[in-house]
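The values are calculated or read from the model by the stated rules, or taken from the named source; none is laboratory data. All figures in this text were calculated on a predicted structure; none of them were measured in a lab. Note that each Cβ is placed from the backbone with ideal geometry, even for glycine, and that neighbours are counted across all protein chains shown.
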Amino acid sequence: MSVTRSLAVFAALNGALAVAIGAFAAHGAGPQIKSLLTTGGHYQMVHALLALICAIWPARTRLVTLAGWLAATGGLVFCLALSAVALLSLPVMGAVAPIGGVLMISAWLLLAVTALRSQTVTA
């Protein structure tokens, strides 16, 4: 099995950051910022896992690899934007979060296109 190593590493680092943000949200964050950090960490973790799946996808194409990068980058952008709003009191970063959302949605759509295009082999 071939692995897109750089995507796998980026996805794993995203997952680690998501756990750290989630832990801080659960144990160190005040009530006002807990919700933003929890939401950001959740989306980042889900999309880190999607990126990792794309990195090891058996019939990987350029679209699958692109979907992985969009998922990982989108999750990171979304999470960091919400974290900046929560931790740094930068409400302007709320305008950046939808960029991450668009990247994450694009990743799922590319993966759907790839699944529709794939040739199924029956045993």
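Side notes on the structure shown:
- Against the test of being hydrophobic (A, V, I, L, M, F, W, C) and more than 14 Å from the chain's Cα centre (by Cα), the options 23, 12 yield a single qualifying residue, 23.
- Long-range neighbours under 6 Å by Cβ, at least six apart or interchain, first residue among the β-branched types (Val, Ile, Thr) within region 101-120, second part of a helix (DSSP H, G or I): 114/63; 114/64
- Close pairs (8 angstrom Cβ cut-off, 6 or more residues apart or separate chains): more than 16 Å from residue 84 (Cα to Cα) in region 20-34, surrounded by 11 or more Cβ atoms within 10 Å (Cβ to Cβ) and at pLDDT 90 or above anywhere: 26/34; 26/38
- Which numbered condition residue 67 fails, given (1) surrounded by fewer than 22 Cβ atoms within 10 Å (Cβ to Cβ); (2) more than 19 Å from residue 20 (Cα to Cα); (3) not aromatic (Phe, Trp, Tyr): (1)
- Out of 46, 9, 64, 19, sole residue that is assigned to a helix (DSSP H, G or I) and touching a Phe, Trp or Tyr at 6+ places or on another chain (Cβ under 6 Å): 64
- Taken over region 109-123, the criterion of being surrounded by fewer than 15 Cβ atoms within 10 Å (Cβ to Cβ) and either under 13 Å from residue 54 (Cα atoms) or at pLDDT 95 or above (or both) is satisfied by 109, 112, 115.
- Residue within region 81-95 that is of a type in the set (Val, Ile, Thr), part of a helix (DSSP H, G or I) and crowded, with 20+ Cβ neighbours inside 10 Å present: yes
- Residue within region 102-118 that is in a helix (DSSP H, G or I), of a type in the set (Ser, Thr, Tyr), within 19 Å of residue 6 (Cα to Cα) and out of contact with any Lys or Arg (no Cβ under 7 Å at 6 or more places or on another chain) present: no
- Of all residues in region 9-37, exactly one satisfies the criterion of being under 22 Å from residue 68 (Cα atoms) and of a type in the set (S, T, N, Q), namely 14.
- Region 35-50, subset under 21 Å from residue 108 (Cβ atoms) and in contact (Cβ under 8 Å) with a residue 40 or more places away in the chain, residue surrounded by the fewest Cβ atoms within 10 Å (Cβ to Cβ): 39
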